[in-house]
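Working notes, beginning with the structure itself.
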Amino acid sequence: MGGAEYVQQALAGLGQAAGTGVDPALPLYATTFVVVDLETTGGAPDGGGITEIGAVKVRGGEELGVLATLVNPGVPIPPFITVLTGITQAMLVPAPPIEQVLPSFLEFVADAVLVAHNAPYDVGFLKAACARHGYRWPNPRVLDTAALARRVLGRDEVPNRKLGTLASYFRTATRPTHRALDDAKATVDVLHGLIARLGGHRVDTVGEAIEFARAVTPTQRRKRHLADGLPKVPGIYIFRAADDRPLYVGTSGDIATRVRSYFTAAEKRARMSEMLAAAERVEAIECAHSLEAEVRELRLIGAHAPPYNRRSKFPERMVWLKLTDGPYPRLSVVRSLADGDEVYLGPFGSQRAAELAAAGFHDALPLRQCTHRLSLRTVTPACALAELGRCPAPCEHRITPGEYADRAVAPFRAATATDPGAVVDALLARIGALAADQRYEEAAVVRARLAAVLRATVRMQRLTALAGIAELAAARPAARGGWELALVRHGRLAGAGVSPPGMHPRSTIELIRATAETVPPGPGPVPRASAEESERILSWLERPETRLVEMSSGWASPAAGAARFRDLLSKIESAVPRQLSTERP
């Protein structure tokens, strides 16, 4: 029996464009399925071995088309395959090879969900054949009736999930015979029987059916109703416990789709499984665009420290490196800045990072390291560092306050505010001297300290430049037309909105300005926002498509600032051991 004799009509939907895919939110009754079955010579998929293809296209219980053909595998058929299927070598001699069948088959399955019993087997052979003969596999959504039956039918209903067993249970019109078309038709009836059972599991769409067929935990299945009714908009989602405590805060461009993903087989994190078990509801907060969503997420995590957000594990770890007051200032690690604190560096993500940078400054500058309160009248005994020549001994008044300011304080001020060149040169010279003496481990330590200094100065000068602007309005083209708008004050997002298509964005900016948050300046470079929030804003502003609309003052960084050492920093970080590299600018 030749291939042409098996090919029947292909009705509605056959001429649709290929590659458009199937919307996972499409209801099952409106989904086009192509149920396929293969007969093969056995063995593993290698691009050949297919002896017969049978496929039935259905939608809403109605048969739309059939495609069936024998296929010449180009190799002898094992005798046991002939006994099992009834397909002989003589039947396959006039049949077309698989490379001639594939174009018709790929057209037939376009814009449909592919269904098979034990789908990995059939799909594996089809993908291998496409790869061997240069056809692009369309990567359709696949529904496995065997996997679906394992989720829907209990052992008290069927002893196993073989196609013959399921065909008997659902009393299919066609019995499986180990021939492709008969088995495909039997699978169609099995599919309809399984779909009828899905309503009781609150599975109504093709995407839900595919995920339901996968291995999801009982908790995921029981709690999947938490995703019901959520909006398909950008914003924040909050998983809350029975006492309304936030358990987890996340952000997405599509809240509904993202939350549903937590109840699928793709979510395998043990931490999330524990969170879902404790969650009782999901709260959605709609945002104007992705930047507002990211900023709100950061603020909520900082305010509530949800236990299942990794970033909230140490919410209070931000520290600063500050130059103290007095005639002989020293470096001090502090957790906040106050009015009058003028010389500082940061913020650092941890005390260890701040101490690493401080060690770099101590290597380059004659800053005292002792914590004594020094007086201009009273002498304090010198420490070992003075004896080793690593401290100018202001405790014993060996250096005047003016000399100390010139040699130690002024270079630190310059490094943080304008140019860290003097510090960089001193550290590079020290690294070179240690390397010349073959003291490579010590040179590596100094190199890590130089990286910490550069990382902190580059980061702070970027943040300072943004925080110095009292108000900045920016716009970015929205995906669906119009403009995404952001109003930034002193490095903090004060307002956000979207200007609709066809409307000049300036009127929307004025509305945002009228309701925006008041943000006064403060002592630090990012006084009213976290460094991470300002860095998210910077990333959004620095995109090529973002346009600056209005600024209260110029936006500029020092001409000889730390940014000119970015290439050096990249080279150092590629060489610094991971345990010594603590944070990036």
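Taken together, the values in this text are just the output of simple stated rules run on the coordinates, not laboratory data. Quick caveat: nothing in here was measured; it's all calculated off a predicted structure. Because the Cβ atoms are built from the backbone with ideal geometry, glycine has one as well, and the counts that use them run over all protein chains shown.
Can you tell me the FRET efficiency between Ala429 and Ser261 if r is taken as the Cβ-Cβ distance and R0 is 60 Å, rounded to the nearest 0.05? Don't skip to the answer; put the middle values down first.
Details: r = 54 Å, r/R0 = 0.89.
That gives a FRET efficiency of 0.65.
For the chain, just say rounded, prolate or oblate: build the C-alpha gyration tensor, square-root its eigenvalues into a ≥ b ≥ c, call rounded for a/c under 1.5, and beyond that prolate if a/b exceeds b/c, oblate if not.
It comes out prolate by the Cα gyration axes.
Could you calculate the FRET efficiency of Arg335 with Asp254 from 1/(1 + (r/R0)^6), where r is the beta carbon distance between them and R0 is 35 Å, rounded to 0.05?
E(calc), rounded to 0.05, equals 0.40.
What is the fewest-to-most order of Tyr328, Tyr308 by other Cβ atoms lying within 10 Å of their Cβ?
Starting with the residue having the fewest Cβ neighbours, the order is Tyr308, Tyr328.
What is the chain's relative contact order, in percent, from Cα pairs under 8 angstrom and six or more apart in sequence?
Once divided by the residue count of the chain, the mean separation gives 9 percent.
What are the ³J(HN,Hα) values, in whole Hz, obtained from phi via the Karplus relation 6.51 cos²θ - 1.76 cosθ + 1.60 with θ = phi - 60°, for each residue of the stretch 131-139 in sequence order, with x given for Gly and Pro?
With the stated coefficients, the stretch 131-139 comes to 5, 5, 9, x, 9, 7, 6, x, 6 Hz.
Cα centroid distance between the stretch 328-380 and the stretch 153-192, in Å?
If you average the Cα positions of each part, the centres end up 77 Å apart.
Between Glu542 and Arg480, what length comes free when the chain is fully extended (0.36 nm per residue of separation minus the Cα-Cα distance, one decimal in nm)?
Contour length minus Cα-Cα distance gives 20.2 nm.
Calculate for the chain the 222 nm mean residue ellipticity that helices alone would give, adding -39,500 (n - 2.57) per DSSP H run of length 4 or more and normalising by residue count, nearest 500 deg cm²/dmol. Before the final figure, lay out each step's value.
Numbers: 22 runs with 227 residues, N = 585.
Result for the chain, helices only: -11500 deg cm²/dmol.
When the chain is fully extended, how far beyond the present Cα-Cα distance does Thr82 get from Ala305, taking 0.36 nm per residue of separation?
Using 0.36 nm per residue and subtracting the Cα-Cα distance, I get 73.7 nm.
Given Cα pairs under 8 Å that are at least 6 residues apart, what percent is the relative contact order of the stretch 342-472?
33
For the chain, find the longest principal axis of its Cα atoms and tell me its angle to the long axis of helix 351-364, 0 to 90°, nearest 10.
For 351-364 against the chain, the angle is about 50 degrees.
Tabulate in residue order the Karplus-calculated ³J(HN,Hα) for the stretch 82-98, using 6.51 cos²θ - 1.76 cosθ + 1.60 with θ = phi - 60°, rounded to whole Hz; enter x for Gly and Pro.
Taking θ as phi minus 60°, the curve returns 4, 4, 6, 9, x, 8, 9, 4, 5, 5, 8, 4, x, 6, x, x, 4 Hz for the stretch 82-98.
FRET efficiency for Met272 and His201, Cβ-Cβ distance as r, R0 = 30 Å, nearest 0.05?
0.90
Using a basic spin-label model with each label point 7 Å from the Cα along Cα→Cβ, how many nm lie between Leu568 and Glu510?
Computed distance between label sites Leu568 and Glu510 equals 5.0 nm.
For the cross-link pairs Lys223/Lys268; Lys127/Lys232; Lys232/Lys268; Lys57/Lys127; Lys57/Lys223; Lys127/Lys223, which exceed 27 Å when the distance is taken from alpha carbon to alpha carbon?
Lys127/Lys232; Lys57/Lys223; Lys127/Lys223
For the stretch 149-155, what does the Karplus curve 6.51 cos²θ - 1.76 cosθ + 1.60, with θ = phi - 60°, yield as ³J(HN,Hα) per residue in whole Hz, taken in order and with x for Gly and Pro?
So the Karplus estimates, Gly and Pro as x, are 5, 5, 8, 8, 9, x, 5 Hz.
As a footprinting exposure proxy, order Lys571, Lys185 by other Cβ within 10 Å, with the fewest listed first.
Lowest count first: Lys571, Lys185.
Check Leu64: other-chain or 5+ apart residues with amide H under 5 Å from its amide H, H built from backbone geometry?
Lys57, Val58, Arg59
If a/c stays under 1.5 just call it rounded; otherwise compare a/b with b/c (prolate if a/b is bigger, oblate if not). Do that for the stretch 3-208, with a ≥ b ≥ c from the square roots of the Cα gyration tensor eigenvalues. All intermediate terms of the calculation are to be shown ahead of the outcome.
Numbers: a/c = 1.84, a/b = 1.29, b/c = 1.43.
Note, shape of the stretch 3-208 comes out oblate.
For Lys232, Lys162, which order do you get if you count the other beta carbons within 10 Å of each Cβ and list the fewest first?
Lys232, Lys162
Separation between the Lys232 and Gln351 pseudo-spin-labels, each 7 Å from Cα along Cα→Cβ, expressed in nm?
With each label point 7 Å from Cα toward Cβ, the separation is 5.1 nm.
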